[in-house]
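Before any comments, here is the structure.
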């Protein structure tokens, strides 16, 4: 077999829109992937595209794939998954007319709204989610009360959560209205419910949360539930981050 044409199995699955690379590894571990009709559960296996037959749940994977890049303004009340065993609505319910198997780049909580990128480009997904690239994500959080400078400085310096210290964040008060305050927070980490946990750590639990930006992308021109395709220039800018 020609080593120059070989590719790792999980990368092959990601590049063909089956799942993100991490999710593809889980598919392999679960015994749902076969190569040449033999179930494979070992990590790091290399295959030869065009020669080896790869199946997921007995469905053949391969051929030319059209890469899709979807920018969605997610409403709250949707989960970031292809399907849900509890019958909840998923973000894919909002995407019409896309036949390719796209999946979210990262996650937004069920009760969090805002910018979500979906694609079947596994390499770009891996690139954007890798911690070393420190891709910035900006959120607006509505909280009850008025945080003082001391509380805001804790966010800016980094604070300790149960899974360790956070990196310093960009944190600013946007406006105060009635008894609540809107705080803008920019982070580059991707911990579970991180923004909510950071605000709770300074004593101001989040009432409403939305993501407004991912790197240079925003959803200013999209209403909740609307989506659009990224332009070729936007895709190239993402790949160069």
Which of the three applies to segment 72-201, rounded, prolate or oblate, going by the alpha-carbon gyration tensor with a ≥ b ≥ c and a/c under 1.5 meaning rounded?
prolate
Note: residue 241 to residue 29 extended length (0.36 nm per residue) minus current alpha-carbon separation gives 73.2 nm
Take 188, 16 and order them by how many other Cβ atoms sit within 10 Å, fewest up front.
188, 16
Please arrange 121, 85 by how many other C-beta atoms lie within 10 Å of their C-beta, fewest to most.
85, 121
Please report how far the C-alpha centroid of segment 132-185 lies from that of segment 101-131, rounded to the nearest whole angstrom.
22 Å
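On full extension of the chain, what length is gained from residue 67 through residue 189, given 0.36 nm per residue of separation minus the C-alpha to C-alpha distance?
Extra length from residue 67 to residue 189 when fully extended: 41.3 nm.
Rounded, prolate or oblate: which one fits segment 3-61, using the alpha carbon gyration tensor with axes a ≥ b ≥ c (rounded when a/c is under 1.5, else prolate when a/b beats b/c, else oblate)?
rounded
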Using eta = 0.890 mPa s and T = 25 °C, Stokes-Einstein with Kirkwood Rh from Cα pairs puts D for the chain, in µm² s⁻¹, at 125 µm²/s
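Would you mind classifying segment 54-108 by shape? Square roots of the alpha carbon gyration tensor eigenvalues, ordered a ≥ b ≥ c; an a/c under 1.5 is rounded, otherwise it is prolate if a/b is larger than b/c and oblate if not.
oblate
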Working out 0.36 nm times the residue gap between residue 175 and residue 129, then minus their Cα-Cα distance, what length gain in nm do you get to one decimal?
13.5 nm
Using Cβ counts within 10 Å as a stand-in for footprinting exposure, how do 180, 119 rank, fewest first?
180, 119
Expressed in nanometres to one decimal, the distance between label points 7 Å along Cα→Cβ at residue 217 and residue 161 is 2.1 nm
Taking R0 as 41 Å, what FRET efficiency do you get between residue 153 and residue 101 from their Cβ-Cβ distance, rounded to the nearest 0.05?
0.40
Relative contact order [Cα under 8 Å, 6+ residues apart], the chain, whole percent
20 percent
What would the Debye formula give as log10 I(q)/I(0) at q = 0.14, 0.18, 0.19 Å⁻¹ for the alpha-carbon point model of segment 136-214, no solvent?
-0.38, -0.64, -0.72
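Throughout, read-outs are computed from the coordinates displayed, never taken from laboratory work. Keep in mind that this is a model prediction, so the values were computed, not measured. Backbone-built Cβ (ideal geometry, glycine too); neighbour counts: all protein chains shown.
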